[in-house]
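Below is one structure; the comments refer to it alone.
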Amino acid sequence: MEQTFLMVKPDGVQRNLIGEIVSRFEKKGFQLKGAKLMSIPTELAEEHYGEHKERPFFGELVDFITSGPVFAMVWEGENVIATARQMMGATNPKDAVPGSIRGDFAVTVGKNVIHGSDSKESAEREIGLFFKEEQIVEYKKLINDWSN
Ligand code: RTP
Ligand code: MG
């Protein structure tokens, strides 16, 4: 089953949006497999956002993501990678439709509340960067088999 890496960014944690964001993915029907509140060391931030190393905003991006705790999560479900990206909305909140997380809760591209893996390869890489195998929990949903 497909898994993705999602993370409430420091702005989302400070603005008390963890519960709201977790709730949206729970209600959608995805399964939470791992989660932790953590501060990101600079080296991990640079590795996580390595694809943007040459971009002019890289320094700001690393400074921001290390500026306070984040809430890192692994979610599982059918097409969860692409669906989570849709639920997050466009990178720049000015283009994110209402109803999406960034559309509802963000204004500027630098503080857009949530990160989500953009492909199967990124998801595997990012889950591996942030979670040890034993921090991902295998369990069966005992009630509520209706969404999948
Ligand atoms: P993320 O990786 O954080 O989930 O965001 P994303 O895939 O939607 O967007 P991506 O292109 O990967 O960019 C990563 C983050 O860099 C910041 N950014 N700033 N100033 C700028 O023009 C600019 N462009 C991107 C955003 O915070 C974006 O989420
Ligand atoms: Mg990205």
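Some points to look at:
- Residues being away from ligand 2 (no atom under 15 Å from the Cβ), of a type in the set (D, E, K, R) and in contact with a Leu (Cβ under 9 Å, 6 or more places away or on another chain) - total across the stretch 42-76: 1
- Top-ranked residue in the stretch 51-82 [being within 14 Å of ligand 1 (Cβ to nearest atom) and among the β-branched types (V, I, T); ranked as surrounded by the most Cβ atoms within 10 Å (Cβ to Cβ)]: V70
Quick grid of which residues meet (1) touching a Pro at 6+ places or on another chain (Cβ under 8 Å); (2) more than 30 Å from W146 (Cβ to Cβ):
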position	(1), (2)
M7	no, no
S23	no, no
G59	no, yes
I65	yes, yes
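- Residue list for the stretch 93-118, restricted to those being within 12 Å of ligand 2 (Cβ to nearest atom) and of a type outside the set (A, V, I, L, M): N112, H115, G116, S117, D118
- Residues of the stretch 135-145 include none that is away from ligand 1 (no atom under 14 Å from the Cβ), part of a strand (DSSP E or B) and not hydroxyl-bearing (S, T, Y).
Only the coordinates and a few stated rules stand behind these numbers; no lab work does. Worth saying up front: this structure is predicted, and the values here are computed from it rather than measured. Virtual Cβ from ideal backbone geometry, glycine too; neighbours counted across all protein chains shown.
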